[in-house]
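A short worksheet on the structure shown next.
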Amino acid sequence: MEKKTDNYSNENTSFNSAVAVTGFAGGIIWSVIGYIAYFFNFISFGPAIVLMPWALGEWKTGPLGQWIGIVIIGVLSIGLAFLYRLLFAKINKFWPGLLFGGALWLLVFFIMNPLFKGINFIPVLDFNTLVTSLSLYLIYGLFIGYSISFDYYERSRQNEATVQE
């Protein structure tokens, strides 16, 4: 009985590690793509937007600020991945991930908008920024959601196969 409990604990820790890595990787990957979109003027703000409420100085609008913003988004994304795990990990479909990304976009652009001085309110934003930012958030949610749900599903299937043996 003790061996079974230890095995469950190790699997749970392993899954938590996978969720953390997925969250960090998703944050890094999609904020780098956001930085590229900003660089090519598809979007009016870059990843450094997360620094705007807290950091002082003009350095935050340059490349250093953008790269620090990317790392911060990666770290914040770990928490978002655990939130997704808590809410939707058992649903092995892509819809919850898209909904999660859309909900994050709404959270940032509607509710948290006053915190970020570099993001205009929705009616004032240009079409390219709206479409690009919404697309990035949706794809980010899809990446996080489907990665976590698929991993959860595969681990559940392996556990069932192990129990049946």
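Among 42-49, 28-35, what's the highest-first ranking by average C-beta atoms within 10 angstrom per residue?
Peptide ranking by packing, descending: 42-49, 28-35.
So what is the accessible area of the range 108-154 per residue, in Å², with the probe set to 1.4 Å?
With all protein chains present, the range 108-154 gives 54 Å² per residue.
In the range 49-101, which chymotrypsin sites (Phe, Trp or Tyr not before Pro) fall in coil by DSSP and have 12 or fewer other Cβ atoms within 10 Å?
W54
Taking all protein chains in place and a 1.4 Å probe, what share, in percent, of the accessible surface of the range 91-165 do carbon and sulfur account for?
Ligands and nucleic acids excluded, carbon and sulfur give 68 percent.
Quickly work out the K90-to-E58 label distance, labels modelled 7 Å from Cα along the C-beta direction, and quote it in nm with one decimal.
Each label point is offset 7 Å from its Cα along the Cβ direction, giving 5.5 nm.
Per Stokes-Einstein, at 20 °C and 1.002 mPa s, what whole-number D in µm² s⁻¹ belongs to the chain, with the Kirkwood radius over Cα pairs as the hydrodynamic radius?
The calculation lands on 125 µm²/s.
Any chance you could run the full-extension gain for F110 through F127? It's 0.36 nm times the residue separation minus the Cα-Cα distance, nm to one decimal.
Extra length available between F110 and F127 comes to 4.5 nm.
Give me the extension gain from T13 to F39: residue separation times 0.36 nm, minus the current Cα-Cα distance, reported in nm with one decimal.
In short, 5.5 nm is gained.
Applying 1/(1 + (r/R0)^6) with R0 = 22 Å to the Cβ-Cβ distance of L99 and A20, what FRET efficiency is obtained, to the nearest 0.05?
Using R0 = 22 Å, I get an efficiency of 0.50.
For V163 and L76, calculate 0.36 nm times their separation in residues minus their Cα-Cα distance, and state this gained length in nm to one decimal.
Full extension from V163 to L76 adds 27.7 nm.
Could you tell me the ratio Rg/Rh of the range 9-100? Both radii from Cα atoms, Rh via Kirkwood.
Radius of gyration over Kirkwood radius for the range 9-100 works out to 1.07.
The values are calculated or read from the model by the stated rules, or taken from the named source; none is laboratory data. Owing to the predicted nature of the structure, the values given are computational and were not obtained by experimental measurement. In this analysis, Cβ positions are derived from the backbone assuming ideal geometry, glycine residues included, and neighbour counts consider all displayed protein chains. Remember, those area values only see protein heavy atoms, side chains included, never the ligands or the DNA or RNA. Shrake-Rupley method; radii C 1.70, N 1.55, O 1.52, S 1.80 Å.
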